[in-house]
Structures are given as C-alpha cells and as structure tokens.
Amino acid sequence: MPIQVILFDIGGVFFKWKDRWLFNDIADRFGLSELHLTDECQKEMPNLRLGKISEQEMWQRIGRQINSKELSNSKDPLIHDFFKSKINIDDSVFATIRQLREKNIKMGILSNTALPMHSAVEELIDISYFDFLFLSYEIGMEKPDDAIFEHVIEKIPHAREEILFVDDRLSNVNAAKNFGMKAIHFMNTVHMVEDLNDLEIL
C-alpha cells in the first residue's frame, strides 16, 4: 500500500538536542551542582512531557529537593528561552518535507515534548506544514509506549500500513513497526532521503 502519511519526531530530526544542555545551563545560572540538578530533572521531566505539571511546578519541586529557593521561586520561562536560543533547525529536512507535500502526502508530528519546548519550536518552524500533531504533553502519552501508537492509528484516517514514521531513536522506530507502521531510523537527511527512495516515496 502506498504511503499516505509521514509522521516526524522533532528533537533529533528537525534539530539536534540533548537534555544535558539545559541542565548544564540551569546549573550554571543558579550556581547548582549539575549532577544533583540532573538527577532531579530526570525524575520530573517525564511529568512535564506528559502535561502532568507546569514548568513552574517542575522547578518548584526540583528546587525543594536540592534546597535552592532561587530556583523554586523562579517564574521565568527558563526552558522556552534556552531551547529557542540553542536549537538550529535543519533546513535540509524541511526541503525534503516540501518535496513530500508536493506529492500530496500528508505530514504529521509525533513527539515526546513539553509545552515550553514546543512553544519555542512553533516560533521557529511553520507548523501549518503538518496535518497531524501528536504531542505527548497534550495527549498524556509518550513513545515508545504502545498506547501512543494505538492513539495515532485511531486518529489518522488511513490504514497503519499507509503510515511512515521517522525518528532518531531506534526503540521508537521498532515500536512503530510492531504496530504495522513503516518506519525509518533517522541518522541524517542524506540517509533519510535514501530510505525514502528505497520505499519509492521520493
């Protein structure tokens, strides 16, 4: 069956991103131990990505755990501002997306992301390119959990065999394949284009 929909991960595909960049910046800004901050952030970030807590609530929790009143009381959009300043959108990926749209293939996003991160992304890319948005903080599910792929298949009006997923994490790629979707392990745009050609999509 021909591919009708292509879903893209955001971080690691549209741009490079490492959570440790954020942890290092916050530790430096507030004069904190990066090790202790990282430990607490890794506990709380899943709650932020699933939309269970706000960014301010996350910093309050973390600040209490590491005895930082300054961090606990912070009301600034720390993640949004740092995220926006740090990421560089890969134009070659979007050049490929434009080619795919010209073939009348629908585009979508399937991403484990938090509101402050995604709000920064929306200021840097044209979100109107995408017909479907599956964002973990909105739907309360994360990859590679089975539930998120079940949700995607329920919401997209095409057979799972007509959906292609592109992600830089092999665990997410394999999870999509387990649900009968086609999937590409993203390493760079050149390899992605080769894989799209192999699938006779481009």
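The values are calculated or read from the model by the stated rules, or taken from the named source; none is laboratory data. Note that this is a predicted model, so its numbers are computed, not measured. Here the Cβ positions follow ideal geometry from the backbone for every residue, glycine too, while neighbour counts run over all protein chains shown.
Check whether at least one residue in the stretch 144-154 is touching a residue at least 24 places away in the same chain (Cβ under 8 Å) and more than 29 Å from Glu55 (Cα to Cα), and report yes or no.
Yes, the stretch 144-154 contains a residue that is touching a residue at least 24 places away in the same chain (Cβ under 8 Å) and more than 29 Å from Glu55 (Cα to Cα).
Which residues, counting only those in the stretch 101-114, are surrounded by fewer than 19 Cβ atoms within 10 Å (Cβ to Cβ) and either part of a helix (DSSP H, G or I) or within 12 Å of the chain's Cα centre (by Cα) (or both)?
The answer is Arg101, Glu102.
Take the conditions out of contact with any helix residue (DSSP H, G or I) (no Cβ under 6 Å at 6 or more places or on another chain), touching a residue at least 12 places away in the same chain (Cβ under 8 Å) and assigned by TED's automatic domain parsing to the domain that holds Arg169 and apply them to Lys103. Does it pass?
yes
Scan the stretch 13-63 for residues that are more than 20 Å from the chain's Cα centre (by Cα), closer than 15 Å to Leu115 by Cα and surrounded by 14 or more Cβ atoms within 10 Å (Cβ to Cβ) and jot them down.
Gln56, Trp59
Please indicate, with yes or no, whether at least one residue in the stretch 15-23 is part of a loop (DSSP other than H, G, I, E, B), of a type outside the set (A, V, I, L, M) and in contact (Cβ under 8 Å) with a residue 60 or more places away in the chain.
Yes: the stretch 15-23 contains one or more residues that are part of a loop (DSSP other than H, G, I, E, B), of a type outside the set (A, V, I, L, M) and in contact (Cβ under 8 Å) with a residue 60 or more places away in the chain.
Which condition number does Ala27 fail, the rest of (1) touching a residue at least 12 places away in the same chain (Cβ under 8 Å); (2) in a helix (DSSP H, G or I); (3) small (Gly, Ala, Ser) being met?
(1)
Which of the residues spanning the stretch 154-186 are more than 16 Å from Pro144 (Cβ to Cβ) and either among the small types (Gly, Ala, Ser) or exposed (fewer than 13 other Cβ atoms within 10 Å of the Cβ) (or both)?
Glu154, Lys155, Pro157, Ala159
In the stretch 121-130, what count of residues is obtained for those that are surrounded by fewer than 14 Cβ atoms within 10 Å (Cβ to Cβ) and out of contact with any Leu (no Cβ under 8 Å at 6 or more places or on another chain)?
Qualifying residue count, the stretch 121-130: 4.
Out of Asp9, Asp91, I need the residue that is assigned by TED's automatic domain parsing to the domain that holds Phe186, surrounded by 16 or more Cβ atoms within 10 Å (Cβ to Cβ) and of a type outside the set (S, T, N, Q). Which one?
Answer to the selection: Asp9.
Considering only the stretch 65-81, I want to know if a residue exists there that is assigned to a helix (DSSP H, G or I), without any contact (Cβ under 8 Å) to a residue 24 or more places away in the chain, among the aliphatic types (A, V, I, L, M) and not assigned by TED's automatic domain parsing to the domain that holds Met187.
The answer is no; no qualifying residue exists.
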